[in-house]
Structures are given as C-alpha cells and as structure tokens.
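S.K.: Okay, handing you the structure first.
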Ligand code: DX5
Ligand code: ZN
C-alpha cells in the first residue's frame, strides 16, 4: 500500500479554496485534512462546521477532520455529518472510549490523536476502537512549525503494537512534513502524511505529491 497524503488547508487562501481543492485533487491527494481550532484547547481559532459543509460540496475527497477543541464530545454529532474521518485529542477532556464509539456509531471512521507530550502507550487500550491514530509532530495550533523528531519513536511504537495485535488502523502524522521528514515518518511506520505548507508552497504540487506517494 502506498503512503497516503492528506493536505491541510489551514495555510490556504480561503477565498480561493475551491481552486486549491481542485489543484489538490488533480495532484492525486488521498484526503483533505481540516484543522478545527477553538482558541481554548489550542491558542488559535480556525473554522467549524459551516466551512467544512461548503468544502464538502466541492470535493469527493474523504474529509479528515482534526478537532483541536476542548471537550469534543459536545460537538461530535455536528462534525460527524460532514466528516469521513473524525479525530479528536486524547488530552481534550472527553471520555475517550465513549467518544470513539459515538463517532463509529454515527458512521465515521474514528481517529484518536496525541500531542507531543503524550506517550503512545497511554492510548494502547483504545486501539481496538480506532480506525486511525494521529501522532502530532508539532504542538497543535499552527501550521509551518518544525517537525519534532520524538514523533518518530512514537510512530514506531504504535506501528509495532498495531501489527502485533493485527489491528486495521491507519497511522497518521501531522506537522512539519517536508521532503526531508516525510521519508523518516514513513520509515517509522506512518501510512498517512498530513502536509500543509510543504504542499501549498510547492512549485509543482503534482510532482511533490507523487514524490511523497512513492516513499
Ligand atoms: C497544526 C495542524 C496541522 C498543520 C500542518 O495544529 O494540526 O495540520 O496545519 O501544517 P504544516 O504541514 O505546515 O506543519
Ligand atoms: Zn492537523
């Protein structure tokens, strides 16, 4: 299976987003990563359900929604209507098992996300309830940050556990992915790479996506 790429639109120009999404589709990306921030769980505010609803009208790419919000269980029903993959943070103050189950019951793929400060072993017990696990390789909140190499060890630990237990879980990494860090993340076991600045600043988006997918 080739590595999947899920571009984050956080750094795109929202007034020309439709064109950017068409460019991403043409470049062969696998999903669209949508970063939802509430200004409480992270020190930044981005967008919510209405914007994602509009995006959904203009793409058939699966929507990979990354909730960076406090007590996300309060909003799962609303986001489940627009998401394909719906992820929330282990550290965000919701009952983890109940929230994962609710996401699946509402027909979405459930994704559990960990911040750089969280050890991967802490989420082992929840793995059977996950369709995807997201390892943050930057502090959540902003695009354009530097990749934290500690994420590589976490990816390896999770990959080993997923393989050992024969679970059907995608392993995603988010933050600071570029030509240099993408191969490291893939070697450590990631099968979905989120990339924002790297994709949007590429001179040739298609060639950049193709190069990553060959890793
Ligand atoms: C950070 C977000 C990321 C970010 C990725 O909180 O979750 O998805 O936008 O952007 P880059 O690839 O620029 O680090
Ligand atoms: Zn993200």
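The numbers here are math on the coordinates, done by the rules we state, and not lab data. Quantities reported herein were computed from a predicted structural model and do not represent experimental measurements. Glycine also receives a Cβ, built like all others from the backbone with ideal geometry; neighbour counts cover every protein chain displayed.
S.K.: Which of 147, 47 comes first, and how do the rest follow, when ranked by fewest Cβ neighbours within 10 Å?
M.R.: Listed from fewest to most nearby Cβ atoms, that is 47, 147.
S.K.: Given only helices, namely DSSP H runs of n ≥ 4 each adding -39500 (n - 2.57), what is the per-residue ellipticity at 222 nm of the chain, to the nearest 500 deg cm²/dmol?
M.R.: -9000 deg cm²/dmol
S.K.: If one computes P(r) from the Cα atoms of the stretch 1-119, what percent of pairs lie at distances over 21 Å?
M.R.: Details: 2572 of 7021 pairs.
In whole percent, the long-distance tail amounts to 37.
S.K.: Given 5 Å bins starting at zero, what is the percent of C-alpha pairs of the chain in each, up to the one with the largest pair distance?
M.R.: The distribution over the chain is 1, 7, 17, 21, 22, 17, 10, 3, 0, 0, given as percents.
S.K.: Jot down the per residue volume, in cubic angstrom and as a whole number, of the convex hull over the alpha-carbon atoms of the stretch 52-177.
M.R.: 111
S.K.: Follow-up. Have a look at 22, 53, 164 and tell me which one the Gaussian network model of the chain (Cα, springs below 10 Å) gives the largest fluctuation.
M.R.: Fluctuation is largest for 164.
S.K.: Follow-up question, since we're still on this one. Over the stretch 4-214, what is the relative contact order in percent, taking alpha-carbon pairs closer than 8 angstrom and at least six residues apart?
M.R.: 21
S.K.: Quick check on the stretch 123-215: what does the Kirkwood estimate of hydrodynamic radius come out to from the alpha carbon pairs, in Å? The partial results should precede the final answer.
M.R.: Numbers: mean 1/r = 0.0731 Å⁻¹.
Every distinct Cα pair counted, the radius reaches 13.7 Å.
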